[in-house]
Amino acid sequence: MAGKGAKAAAAKSADKDKGKKAGGPVSRSSRAAPQEKSAPKKDVYQLFAEKVRDNKQLESRWAIMQETRVEYFRGKDFTTFIKNHPEVREILGPDKDLEVEDIVNTLLTKNLVIRCDRVMKTVRPGKKKLSSWPAHLEIHNEQVFTENDGFFAWMFLKRRTLWQTILSFVWPLFALAVCLFPVYPYQCKIVVLYSCAGALLFIVSILLLRAAIFGILWVLLGKRVWFFPNINAEETTFRELVRFWPEKDEGERPKWTSRLFYALVAVLVILLLRHHAPDEAARARYQKKVSNIIDDVLEWSPKLAISGMIEKHSGANSTEGNNYTSTAGSSHAPPSAEGKATEANHTDADGDIQADSDEIQDSEYADDTRTRSSQA
């Protein structure tokens, strides 16, 4: 009986194990199904737009649209890019065989890009044609794809790169370091001072050099040549900032009368500045004043500031105590021996003066009496 019971229990456990094995995969698939449904699949056009925007082969620029910096590309450049890189179409899956126009129209429908138009639609004075890459844009009324003078701006945020993430943590630390500059050691202050002065001198030198080159070439040759990009422009990217060679001049040549006029104005301004330039003594005074200011900033330290505050506070207290003591002594304290002698001398002098005046009056009275008696 015991053997039969053991066999029955073994059979039941085997059946349970079979049931678990049979039901295991079914339960896992049933659990995985809702998870797959709950995780939304990313849009293929979103992936396509991110892939195209990250590709450096598609030429793009930055501009200002409604007080916001946007990155935009031209329609003809997008068409050329898709033809030269057909592997990018594979991201679209079943829509990979669509025409370029249909792809961009779908991006417009999904608000991944927006069609823009240039703000300045007329040729500026001195120019032969409109700029190929305008610096200011506005939203176009017709949101359809076109290759002819069509500009399209990306409407989604670009994925943050590793360097951008690192800089987002570095900038607050940099701002804190700037605020703590007064408490730096002397050697660190010297390094920061000369570094900032060198950077400022470099920027000012570049601006003056590019202005001088532009002025000389414009006066002599009538060409508008800007070496080094304008570092003050809002739409300038870092790639354009490090570009040395100038772009092709698209404007017409100015008249020789206007060039001669501006040349004379420049010469007069230079002569005027030279005439009113400070002399050696004034420059020495300015240099000494600036040197003193810099020395005060470099030599300042929290210890000196605290010690100076303590000395100032103690000096004020001692001055107040002396004033109080002198006032109290003059009003309540008895006079000293020197004071008594001084007062006695003053009293004797007053008495002598009074006695002399009395004697003079007596002698005058005696003379008058004699004169009257002799007359009688």
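The values are calculated or read from the model by the stated rules, or taken from the named source; none is laboratory data. Not measured: the values here are computed from a predicted model. Glycine also receives a Cβ, built like all others from the backbone with ideal geometry; neighbour counts cover every protein chain displayed. What goes into the accessible areas is simple: the full protein's heavy atoms, side chains included, and nothing from ligands, DNA or RNA. Shrake-Rupley method; radii C 1.70, N 1.55, O 1.52, S 1.80 Å.
Brief remarks follow.
- Extension gain, LYS223-ASP43: 0.36 nm per intervening residue step, less the Cα-Cα distance, totals 59.8 nm.
- Label-zone membership for the stretch 199-218, site VAL267, 7 angstrom Cα→C-beta point, backbone N under 18 Å: 215-218
- Largest-first ordering by accessible area, 1.4 Å probe, given options MET155, MET65: MET155, MET65
- When the surface is traced with a 1.4 Å probe over the full set of protein chains, CYS179 keeps roughly 100 Å² accessible.
- Rounded, prolate or oblate (a/c below 1.5 giving rounded, otherwise prolate when a/b exceeds b/c) for the stretch 91-238 by Cα gyration tensor: oblate
- Cα centroid of the stretch 48-83 to Cα centroid of the stretch 106-164, whole Å: 8 Å
- When nucleic acids and ligands are ignored and a 1.4 Å probe is applied, ASP296 ends up with an accessible area of around 100 Å².
- By a 1.4 Å probe calculation restricted to protein chains, PHE227 has an accessible surface near 40 Å², given to the nearest 10.
- Loop trypsin sites (Lys or Arg not before Pro), the stretch 108-142 (other Cβ atoms within 10 Å of the site Cβ: 15 or fewer; DSSP): LYS110, LYS121, LYS128, LYS129
- The label-point distance for PHE181 and PHE156, in a model that sets each label 7 Å from Cα toward Cβ, rounds to 4.2 nm.
- GluC sites (Glu not before Pro) within the stretch 47-148, DSSP loop, no more than 11 other Cβ atoms inside 10 Å: GLU67, GLU99, GLU142
- The 3J(HN,Hα) values that the Karplus relation (6.51, -1.76, 1.60; θ = phi - 60°) gives for the stretch 78-84 are, in residue order, 5, 5, 5, 5, 5, 5, 7 Hz. Gly and Pro appear as x.
- Accessible area in the full protein assembly, largest first, 1.4 Å probe, for PHE228, PHE202, PHE156: PHE202, PHE228, PHE156
- Cβ-defined net charge surrounding ARG160, 15 Å radius [Lys, Arg +1; Asp, Glu -1]: 0
- Members of LYS76/LYS110; LYS127/LYS158; LYS83/LYS158; LYS51/LYS127 lying beyond 32 Å, as alpha-carbon distances in this model show: LYS127/LYS158; LYS51/LYS127
- FRET efficiency, 1/(1 + (r/R0)^6) with R0 56 Å, evaluated for THR257 and VAL170 via beta carbons: 0.55
- Among ARG124, ARG61, the sequence by solvent-accessible area, most first, with a 1.4 Å probe is ARG124, ARG61.
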